[in-house]
Ligand SMILES: Nc1ncnc2c1ncn2[C@@H]1O[C@H](COP(=O)(O)OP(=O)(O)OP(=O)(O)O)[C@@H](O)[C@H]1O
Ligand SMILES: [Mg+2]
């Protein structure tokens, strides 16, 4: 909002609103609990252009809330007016459309004075001294001189002490204190250039600092990202993608996390409209929708998103605590959020989560391997060479992998290095395969571990989807000997009913008497498949999704099909196959998360490795 540029300027005059405007202001309870009082006071401080806001509470805010700021202050002889209902300095005329500040009703201080003992001390910018005023339910005191270098302090004591019925609705000190902290964190996201602190002074002898945020400098995004790192931690920061989009009087910016950083509940979701803290179903629904198939149903992304809307296109005057807004064009807003996030998620493909290294796991790494263990391993080792199961598997179409498609065994794993070093690619050069399941690759910056099956499954899924979206056909691979697959009658009927759709996916079959099918072609993208397992699985998916709309039925089919791709865990891959998989992953950023929202690639920085060995 427009507050910051007013810092150090003389305060605007406070005046009484005309009754016409008063009648248009959303009526109802302004202050319900300590956190709503803190919200009103901090918003006033932000409107006054504060660069530092210090909040102190006791007993969860029930006995004390103090908010001190260094903003432009209030002129001494306007202090009584500031405490009157419907008196504000923030509206030009009586126009409720052109709202440029967080406040506009002129009600918050009056509402607080009506339910608590309130002391207001302020020194207006340019004034020679400060002044104070006290108020409480049904009374406003007189203005007296006071000491304060600059800005305003509002102190609220014994909230609701005169209205025991409302006091009863408050929760424990702890819960109310947490709600205050949560509200202040949200407010702090809206103003990275302002320093914030929260102190619990329940025990005056031992005040506790709950929050301490320094003022961030610099441009919007870097400042916001540092503020979010301070509030939400480095894990959020390293998984956060920058979001920026705009359309017809609406702009969206902020950060949202990669699907791999999802949470079990919609906890870290912070949404703002024109700098206001809001809880908006439309926005949270759009956030959910944007991640759609990137996350399983019970996982939630973390995000901090700011929507800036031309004042005429959003109504902020619909809720007494201003927690809700109404958009002129909700469809456009939803669309903007979904496409803005989708773009960010697409562009952020090479942003990999670091291997989560808890202090415990780092300690485990540091444990040196005992010489005795090495001797034992050496003694047990079979003569060098690959076993029977080492038959490499042709995972990717042969041309792409650059290897022979005649099924001849590939050379064993000690291949010469690939002709073209891919060291500067984000996923680096494949060095070896571990447990026939993971690819270990080296990049200039460190090492990357890839879960081969999960990554390949995602790749196949994305390609199937893309081809479908283009209205194209998946190439099928003709089976030399058609596969006769016996199924139970409902499964057989379900598959036959969708025969054309399957044909467009490269899966061609026909009835073969009774409840058997004759499989003639399988999707080339999957590589060699177990026809029976594939058909049975697809029939299950069809039967399970019978009631769903067509699109989600098709999604379920594509996802089930992708699962049958030939790069399974336990397949040994040749060097060229591993590198081909890495290159394809780079070309398809969505592949860095599997279809179930887990990561498919982990990165360990060289510097971390060096730290593990105590080299740094
Ligand atoms: N911390 C502050 N610094 C400077 N002026 C303040 C401060 N707090 C309140 N004021 C002045 O007192 C007036 C009344 O504040 P109050 O919060 O009651 O109403 P408002 O902010 O105008 O509207 P709203 O009820 O929507 O919050 C404000 O318009 C502003 O001029
Ligand atoms: Mg206000």
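Values quoted throughout were computed directly from the atomic coordinates according to the rules given, and no laboratory measurement underlies them. All values reported here derive from a predicted model rather than from experimental measurement. Reconstructed Cβ throughout: ideal geometry from the backbone, glycine too, with neighbour counts over all protein chains shown.
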Two-site label geometry, residue 193 and residue 615: point separation in nm, points 7 Å out along Cα→Cβ: 4.5
Contour excess over end-to-end distance, with Cα ends at residue 220 and residue 150 and 0.36 nm allotted per residue: 22.5 nm
Length-normalised contact order for the stretch 97-205 - Cα pairs under 8 Å, 6+ apart - percent: 20
Per-selection metrics, the stretch 12-143 (Cα): Rg and Dmax in Å: 14.3, 41
Difference of contour (0.36 nm per residue) and Cα-Cα distance, residue 143 to residue 212: 21.5 nm
Residues 588, 577, 129, sorted so that the one with the fewest Cβ neighbours within 10 Å comes first: 129, 588, 577
Order of 438, 270 under a 10 Å beta carbon neighbour criterion, fewest first: 438, 270
Mean-position separation - Cα centroids, the stretch 231-265 and the stretch 202-219, in angstrom: 25
Euclidean distance of C-alpha centroids, the stretch 504-536 and the stretch 539-616, integer Å: 23
Förster radius 22 Å - calculated FRET efficiency between residue 587 and residue 481, Cβ distance, rounded to 0.05: 0.05
Where a label projected 7 Å from the Cα of residue 263 along Cα→Cβ would reach, residues of the stretch 231-253 with amide N under 20 Å: 231-243, 253
The stretch 458-616: equivalent-ellipsoid semi-axes (sqrt of 5 x gyration tensor eigenvalues, Cα, Å): 36, 17, 14
Those residues of the stretch 63-90 whose amide nitrogen sits under 14 Å from the label point placed on residue 318, 7 Å along Cα→Cβ: none
Which of 122, 284 has the fewest Cβ neighbours within 10 Å, and the rest in rising order: 284, 122
Rel. contact order, % - alpha carbon contacts under 8 angstrom, at least six apart, the stretch 108-169: 36
Modelled FRET efficiency - R0 30 Å, residue 201 with residue 168, Cβ distances, 0.05 increments: 0.80
Estimated distance in nm for a label pair at residue 606 and residue 279, the labels positioned 7 Å out from Cα along Cα-to-Cβ: 5.0
Relative frequency of Cα-Cα separations exceeding 22 Å in the stretch 210-319, percent: 35
Alpha-carbon centroids, the stretch 24-75 and the stretch 163-184: separation in whole Å: 15
